[in-house]
Amino acid sequence: MALRIAFDVNRYSDLARGVEPVVEAFESAHEVWMPFVVLAELRVGFRRGTRQDQNERLLQTFLKEQGVAVLLADEATTHVYAELHTALRQRGTPIPTNDLWIAALVIQHDLVLLTRDEHFRVVPRLRLM
């Protein structure tokens, strides 16, 4: 089965730093997706830092890699988001809004999320790596 992954911010940062398990996952993936929310969060971080231009160039190079694409929300995403939001609130385990959008996109497109954030573990149907 072909590995189809989506990056969270912390794992993209790990990739940029050459963290070996993340590099291996990237290199073995058939498809690599960057949720639009992750791009926004990265760019916020770039603007707060001292290497905005360098980080943006590195991101643009990454986005041009074969098999890498940006994952956008659509109307179907809003249904998955609403389902997850409701389920997590009922369980008493809400997660940050941006991460809920990321989870909804990953579930909608049947991807595996690369992340170090433990709170994603409470999201039903979300596959993690």
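Values in this text are rule-based calculations from the coordinates and carry no lab data. Note that this is a predicted model, so its numbers are computed, not measured. Cβ sites come from the backbone with ideal geometry, for glycine too, and all protein chains shown count toward neighbours.
Values computed for the structure shown
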| quantity | calculated |
| --- | --- |
| Cα→Cβ-extended label distance, 7 Å offset, between Thr97 and Arg116, nm | 2.6 |
| Nearest 10 degrees, 0 to 90: helix 52-63 Cα axis against the chain principal axis | 70 |
| Inter-centroid distance (Cα atoms) of the stretch 60-120 relative to the stretch 8-34, Å | 17 |
| Computed E for Thr86/Leu128 - FRET, C-beta separation, R0 22 angstrom, nearest 0.05 | 0.55 |
| Mean separation of Cα contacts under 8 Å (6+ apart) over length of the chain, as relative contact order % | 30 |
| Label-to-label distance, nm, for residues given as Glu75 and Ala2 (7 Å Cα→Cβ offset) | 2.8 |
